[in-house]
1. Here are some residues: 190, 164. Which one is part of a helix (DSSP H, G or I) and more than 17 Å from the chain's Cα centre (by Cα)?
2. Checking residue 139 against (1) under 23 Å from residue 33 (Cβ atoms); (2) in a helix (DSSP H, G or I): exactly one of these is not met. Which one?
3. Would you mind stating whether residue 166 is charged (D, E, K, R) and surrounded by 18 or more Cβ atoms within 10 Å (Cβ to Cβ)?
4. Can you tell me which of 133, 146, 140 is surrounded by fewer than 14 Cβ atoms within 10 Å (Cβ to Cβ), touching a strand residue (DSSP E or B) at 6+ places or on another chain (Cβ under 9 Å) and more than 24 Å from residue 69 (Cα to Cα)?
5. Report the residue count in the stretch 104-130 for those that are under 21 Å from residue 79 (Cβ atoms) and either within 16 Å of the ligand (Cβ to nearest atom) or without any contact (Cβ under 8 Å) to a residue 60 or more places away in the chain (or both).
6. Pull out all pairs, ordered by first then second residue, where Cβ-Cβ is under 9 Å, the residues are six or more apart or on different chains, the first lies in the stretch 72-96 and is farther than 21 Å from residue 182 by Cα and modelled with pLDDT of 95 or more, and the second is among the aliphatic types (A, V, I, L, M) and not in a helix (DSSP H, G or I).
7. Filter the stretch 49-76 down to residues that are more than 16 Å from the ligand (Cβ to nearest atom) and either outside any loop (DSSP other than H, G, I, E, B) or within 13 Å of the chain's Cα centre (by Cα) (or both), then give me how many there are.
Amino acid sequence: MSLPQSGQKGRWTPQEVREYLDRYGYGHIIDELYDAGYRIKSYDRMVTTYIENGEIKSREVPANGSHSDSTIRIRANLSVKEAASVLFHEYLHFKIEIYQRDDPESWLKEEEEVRYREELFRIDVSKKAAELGRVEDMLGPKIAGGRRNGIPDRNTIHDYVEKKYRPFLEWTRKMHPKSDYIPDDDISRKEWGK
Ligand SMILES: [Zn+2]
């Protein structure tokens, strides 16, 4: 098990993420989430617990964020711009309603669409950041090959989701793991500023 080291990638604060999103015209997503009754939390470690051969086991999942039951969680140990991108990713899961509980395949379809639109967001932010001369705000492609000639590459994103998410989906359907977040810190609306 390898734990992210504190401070290695920097830890974001809600106010910094808000300022970043506001700068590029996306700050409204925070208000939309709270208006819809969402809670936003941060964590250092995501641990899933499951039963295998009658034994209780647990393993750490290296996810940077998650979305379930009107709660969005973002890993604390991320840079401001990557935390903003993860928040936008999880916001897209709230906005895009492809996933149906009785259709596991739709879970993969939704992830693919979310990743496609997250890449559009990263491209848009980077274009605006370049115009402002804020090179440090620019975001590269989220996955290798996920962007070609300045546009998201749908095939690469599709293959990535198949390779990374399908085995996880199948494992989840078999094992019914329960996820715990350590810590599981609630961020109040006020903490984002404004
Ligand atoms: Zn996702």
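The values are calculated or read from the model by the stated rules, or taken from the named source; none is laboratory data. Being a predicted model, the structure only gives us computed values, none of them experimental. Neighbour counts are summed over all protein chains in view; Cβ atoms, including those assigned to glycine, are modelled from backbone coordinates with ideal geometry.
1. Details: 164 fails: more than 17 Å from the chain's Cα centre (by Cα).
Going through 190, 164 in turn, the sole match is 190.
2. Failed condition: (2).
3. Numbers: charged (D, E, K, R): yes; surrounded by 18 or more Cβ atoms within 10 Å (Cβ to Cβ): no.
Answer is no for this residue.
4. Details: 133 fails: touching a strand residue (DSSP E or B) at 6+ places or on another chain (Cβ under 9 Å); 146 fails: surrounded by fewer than 14 Cβ atoms within 10 Å (Cβ to Cβ).
On inspection, the qualifying residue turns out to be 140.
5. Narrowing the stretch 104-130 to residues under 21 Å from residue 79 (Cβ atoms): 114-115, 117-130.
Then keep just the ones that are either within 16 Å of the ligand (Cβ to nearest atom) or without any contact (Cβ under 8 Å) to a residue 60 or more places away in the chain (or both); that gives 114-115, 117-123, 126-127, 130.
Number satisfying all stated conditions: 12.
6. 81/138; 81/139; 85/78; 85/139; 91/72; 93/72; 94/36; 94/72
7. Kept after step one, since they are more than 16 Å from the ligand (Cβ to nearest atom), are these residues of the stretch 49-76: 49-60, 76.
Then keep just the ones that are either outside any loop (DSSP other than H, G, I, E, B) or within 13 Å of the chain's Cα centre (by Cα) (or both); that gives 49-52, 55-60, 76.
Of the residues in the stretch 49-76, 11 are more than 16 Å from the ligand (Cβ to nearest atom) and either outside any loop (DSSP other than H, G, I, E, B) or within 13 Å of the chain's Cα centre (by Cα) (or both).
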